[in-house]
1. Go through region 164-177 and report how many residues are buried (at least 18 other Cβ atoms within 10 Å of the Cβ) and assigned to a helix (DSSP H, G or I).
2. Sort out which residues of region 123-142 are within 13 Å of ligand 2 (Cβ to nearest atom), under 17 Å from the mean Cα position of the chain (by Cα) and part of a helix (DSSP H, G or I), and write them in order of number.
3. Only one of these conditions is not met by residue 98: (1) of a type outside the set (A, V, I, L, M); (2) within 16 Å of ligand 2 (Cβ to nearest atom); (3) modelled with pLDDT of 95 or more. Which number is it?
4. Give 205, 184, 194 a once-over and let me know the one that is touching a Leu at 6+ places or on another chain (Cβ under 7 Å) and under 10 Å from residue 36 (Cα atoms).
5. Consider region 1-57. How many of its residues are under 15 Å from the mean Cα position of the chain (by Cα) and small (Gly, Ala, Ser)?
6. Check residue 19 against each of (1) surrounded by 15 or more Cβ atoms within 10 Å (Cβ to Cβ); (2) more than 16 Å from ligand 1 (Cβ to nearest atom) and name the one condition it does not meet.
7. Condition first: within 12 Å of residue 218 (Cα to Cα), part of a strand (DSSP E or B) and polar (S, T, N, Q). Now tell me which residues in region 15-62 satisfy that.
8. Can you confirm whether region 151-160 contains a residue that is touching a strand residue (DSSP E or B) at 6+ places or on another chain (Cβ under 9 Å), within 16 Å of ligand 1 (Cβ to nearest atom) and either outside any strand (DSSP E or B) or in contact (Cβ under 8 Å) with a residue 40 or more places away in the chain (or both)?
Amino acid sequence: DPMIVLDRVSKTYPGGKLAVDALDLEVAEGALVTLVGPSGCGKSTTLKMVNRLIEPTSGRILLDGDDVTSGDPVKLRRRIGYVIQQVGLFPHQDVRSNVSTVPDLLGWNRKQATARADDLLELVGLDPGEFGGRYPHQLSGGQRQRVGVARALAADPPVLLMDEPFGAVDPVVRARLQDQFLELQSELRKTVLLVTHDIEEAVKLGDAVAVFAQGGRIAQYDTPAAVLGA
Ligand code: ADP
Ligand code: ADP
């Protein structure tokens, strides 16, 4: 069974803007699907509905068979890691605390949470000894994004939702983050929905690519090779 199912999902914002129009999408467990298209075509809205940050106007969204619009949103979000462009790290907490906040919330003791944070920092390519005690303002943009990915992975969620995760860094750093993320994903095999406006990023990262068009529709859903050939 697919891990994520969108079944004729629509979203009309208050004021009448139709942001997402009868969207159908299925994402297999362990697949990385990229959502690509110009600004304003409903990509972020789609992610936020999966995370239940906003409610669809109509249609159904299933996560591992469960309807996300019923049930406890806090429990839902434990199964989802969410990474956004401007990672909201807590400025007055060091990197280790920023990453371990999630396991702390899940009731881990401090020692376990610290060990978990350090493992996660290793995983995203940050030496915990060097970076664990730094504060967010002492990091480069790329390093901050990596801390954001580490934090999203903290509770070991099966699903990752990523909204322009590499959008705020320069092209050289972005290419490196993309490569490192692909390596990480080949190990972790999360089910990933990744939003980008960059077609090159979409075909480089995606097992499948959903090309959005204005009006909140998917114009094409295909393999990266087929999307490039189109
Ligand atoms: P994308 O992620 O593809 O750039 P969005 O999902 O952010 O697109 O936005 C889709 C459409 O919905 C846009 O026209 C946007 O202006 C509109 N929109 C987004 N958020 C809101 C909101 N909170 N209220 C009203 N309209 C919104
Ligand atoms: P990344 O590829 O992770 O974005 P950069 O190439 O931007 O890293 O940074 C190179 C080095 O400069 C890093 O090892 C980082 O420790 C250091 N550095 C960058 N910005 C800062 C900063 N604001 N404060 C301290 N060190 C920094």
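1. Final tally of qualifying residues: 2.
2. 142
3. (3)
4. Values: 205 fails: under 10 Å from residue 36 (Cα atoms); 184 fails: under 10 Å from residue 36 (Cα atoms).
Selected residue: 194, the only one of 205, 184, 194 that is touching a Leu at 6+ places or on another chain (Cβ under 7 Å) and under 10 Å from residue 36 (Cα atoms).
5. First, pick out the residues of region 1-57 that are under 15 Å from the mean Cα position of the chain (by Cα): 3-4, 27, 29-36, 43-53.
Filter once more, keeping what is small (Gly, Ala, Ser): 30-31, 44.
The qualifying residues number 3.
6. Exception for residue 19: condition (2).
7. 34
8. No, every residue in region 151-160 fails to be touching a strand residue (DSSP E or B) at 6+ places or on another chain (Cβ under 9 Å), within 16 Å of ligand 1 (Cβ to nearest atom) and either outside any strand (DSSP E or B) or in contact (Cβ under 8 Å) with a residue 40 or more places away in the chain (or both).
The values are calculated or read from the model by the stated rules, or taken from the named source; none is laboratory data. Keep in mind the model is a prediction, meaning the values are calculated, not measured. Virtual Cβ from ideal backbone geometry, glycine too; neighbours counted across all protein chains shown.
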